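Only the coordinates and a few stated rules stand behind these numbers; no lab work does. Worth saying up front: this structure is predicted, and the values here are computed from it rather than measured. A quick note on method: Cβ atoms are made from the backbone with ideal geometry, for glycine too, and the neighbour counts reach across all protein chains shown.
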Amino acid sequence: MDSVSPDLTDSERTALHELQLGVEGVHRAYGHLLAFHHAIGRSMDHFAAAEPQLREAGHEEHADAIRDCHLPAGVIDDHWSYELVEGFEQGFLADVTAFDAAVRADLAGGRSHVAERMQQQAWRERAQD
């Protein structure tokens, strides 16, 4: 079993735990962003499917609006959802994960889940008593 670094103070262990939870929350948010991206893509597919149906029904103006306005439009300003995903990945997510790795390298030899490792070690030692 991995030994937990005994030279960490309680404050350092708590800070590393909070940092870990924060990074996990950012990853969870990233998952929601990916779900948003996929939902937008499916919605655009439905709009694209509606366009020829509207044309067939004689509603050229509505079909043209889908083709010319809604399908090429961005979801925020002129950005498509994949661009938001890429911006998040290359910006905030990359920055946060790099910061987390640097702090863990500095304080805990690169180890993650320090608080959980300590709890695991304590519970296993207790079980052996």
**Prompt:** Where Rh is the Kirkwood radius over the Cα pairs of the chain, the temperature 25 °C and the viscosity 0.890 mPa s, what D in µm²/s does Stokes-Einstein return?
**Reply:** 132
**Prompt:** Residue farthest toward the positive end of the dipole of the chain, with Cβ of Lys/Arg at +1 and Asp/Glu at -1: which of Gln120, Leu21, Gly109?
**Reply:** Gln120
**Message:** Explain nothing, just the number: dipole magnitude of the chain about its Cα centre with +1 on each Lys and Arg Cβ and -1 on each Asp and Glu Cβ, in debye rounded to the nearest 20.
**Reply:** 620
**Asked** Arranged by the count of other C-beta atoms within 10 angstrom, fewest first, what order do Ile76, Ile40, Ile66 take?
**Response** Ile76, Ile40, Ile66
**For the chain, calculated [θ]222 nm from helices alone, where every DSSP H run of n ≥ 4 adds -39500 (n - 2.57)** = -24000 deg cm²/dmol
